[in-house]
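Student: The structure's right below; bear with me while I get my questions together.
The values are calculated or read from the model by the stated rules, or taken from the named source; none is laboratory data. Owing to the predicted nature of the structure, the values given are computational and were not obtained by experimental measurement. For neighbour counting, all protein chains shown are included, and Cβ atoms are generated from backbone atoms with ideal geometry for every residue, glycine included.
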Amino acid sequence: MPTAVADRSQRKTQDRKGPFSTMVSLVLSAMLLWVALPVSAADEVRRFDVDGDGKIDQWEHYRNGALIRVKADRNRDGRADEWIFYDKGKPVRAEFDTDGDGQVDQREFYEAQGHVQQVEVDRNGDARFEQRLFYGPGKQLLRAEVDDDGDGRVEQWHRFQDGQAIEIAVDTNRDGKPDQWQRFRAGGELYVVEVDSTGDGKVDQWQRYQDGILTVVENDENADGKPDRVVHYDIQGRIAQVLAHLDATGSPRHRLIYSAGVRARGEFDTDGDGKADQWLFYDAKGDLLRAEYDHNGDGRPDQWEHFAGGSKDPYKVERDTNGDGTPDAIWEKEAPQAGRRR
């Protein structure tokens, strides 16, 4: 809200009796008359020393008797740093130099009742107003627009509720449209970030947070509006589990399990019957050690492939051809790390 016009009731001088007092009164009256001397027949400027330090620090401009502008020096540096503009006795706009560099860096606009409706801020002193704040009744902040890089275009749109940000939409690729939405709980805690990575206007990634830590990332890879790949993270921010090829119920056909951020095990449903039929096991470095397959659909492995040294080709393959659960056909070559036949 604009600073109130100074109370001028204390500035009245009292007449004194006697010749000397009368002369002093005439001199003072002449001085006051000079201070309030009209600029023109219709314009008048009234000057005041609001803080009583002997220096003029507030100027009121009148036109035809109506207040149209108040100029003030609030930081006492001898230069005006606040300008309030009036229409029919009510403030409509105000300008401020908040850092004392002689340049306006904040503007306020008021609604019909004199309440703040919009605030514009020049955050970097380039004479452009990169931030705009919009208020509702009771000076309640409703939304904000931010030109983050100073190119004259808005890249961030903020929404507020009860003074707290509940959503920030961001244009990360500078095409004029938001492609990222950050959402917050009532206490200001970020809980999800939604991303449009393709620019088609549809969200295809959801980043979920707990206590400020990223816990889950969901990706829609076929543009059907539903996650197809889900990555879980541990408290240290390392990958803990990857779920892929989710069906209509949200059940994954592919699952990768990680230990301390390193791939440890994989389970796969390759035929889509809801049951795993392929299992992969990895060493501490994340290199494949063993692959198991269920070819006949009985839920048990009937083929085993063994790997070593990070090779993609197995050095041993075992098959259970009669379904008794034990290998009865074995193919084997020299293992890279063993150095001998197995």
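Student: Just to be sure I understand the filter: pairs with C-beta atoms under 6 Å, separated by 6 or more residues or on different chains, first member in the range 46-68 and free of Cβ contacts under 8 Å to residues at least 60 places away in the same chain and crowded, with 19+ Cβ neighbours inside 10 Å, second member of a type in the set (D, E, K, R) and part of a loop (DSSP other than H, G, I, E, B). Which pairs pass?
Tutor: Correct list of pairs: Asp57/Asp73.
Rundown of residues vs (1) among the acidic types (Asp, Glu); (2) touching a residue at least 60 places away in the same chain (Cβ under 8 Å); (3) assigned to a loop (DSSP other than H, G, I, E, B); (4) closer than 21 Å to Gln103 by Cβ, yes/no style:
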position	(1), (2), (3), (4)
Arg123	no, no, yes, yes
Asp126	yes, no, yes, yes
Leu142	no, no, no, no
Arg159	no, no, no, no
Ile168	no, no, no, no
Thr172	no, no, yes, no
Trp181	no, no, no, no
Glu194	yes, no, no, no
Arg208	no, no, no, no
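Student: Next question, about the same structure. Would you mind listing the strands (runs of 3 or more DSSP E) fully within the range 251-342 where at least 3 residues are within 30 Å of Gln236 (Cβ to Cβ)?
Tutor: So the answer is 252-259, 262-268, 278-282, 288-293.
Student: Among the residues of the range 238-257, write down those that are surrounded by 17 or more Cβ atoms within 10 Å (Cβ to Cβ) and of a type in the set (D, E, K, R).
Tutor: Arg253, Arg255
Student: While we're on this one: How many of the residues making up the range 257-307 are of a type in the set (Phe, Trp, Tyr) and in contact with a Gly (Cβ under 9 Å, 6 or more places away or on another chain)?
Tutor: Adding up the residues that qualify gives 4.
Student: Failed condition for Tyr209, given (1) modelled with pLDDT of 95 or more; (2) closer than 21 Å to Val154 by Cβ; (3) out of contact with any His (no Cβ under 7 Å at 6 or more places or on another chain), with all others met?
Tutor: Looking at each condition in turn, Tyr209 falls short on (2).
Student: Among (1) surrounded by fewer than 15 Cβ atoms within 10 Å (Cβ to Cβ); (2) outside any loop (DSSP other than H, G, I, E, B), which single condition is Gly187 missing?
Tutor: Gly187 satisfies all of (1) surrounded by fewer than 15 Cβ atoms within 10 Å (Cβ to Cβ); (2) outside any loop (DSSP other than H, G, I, E, B) except (2).
Student: Hey, Thr198 hits all of (1) in a loop (DSSP other than H, G, I, E, B); (2) over 21 Å from Asp171 (Cα atoms); (3) not acidic (Asp, Glu) but one; which does it fall short on?
Tutor: Thr198 satisfies all of (1) in a loop (DSSP other than H, G, I, E, B); (2) over 21 Å from Asp171 (Cα atoms); (3) not acidic (Asp, Glu) except (2).
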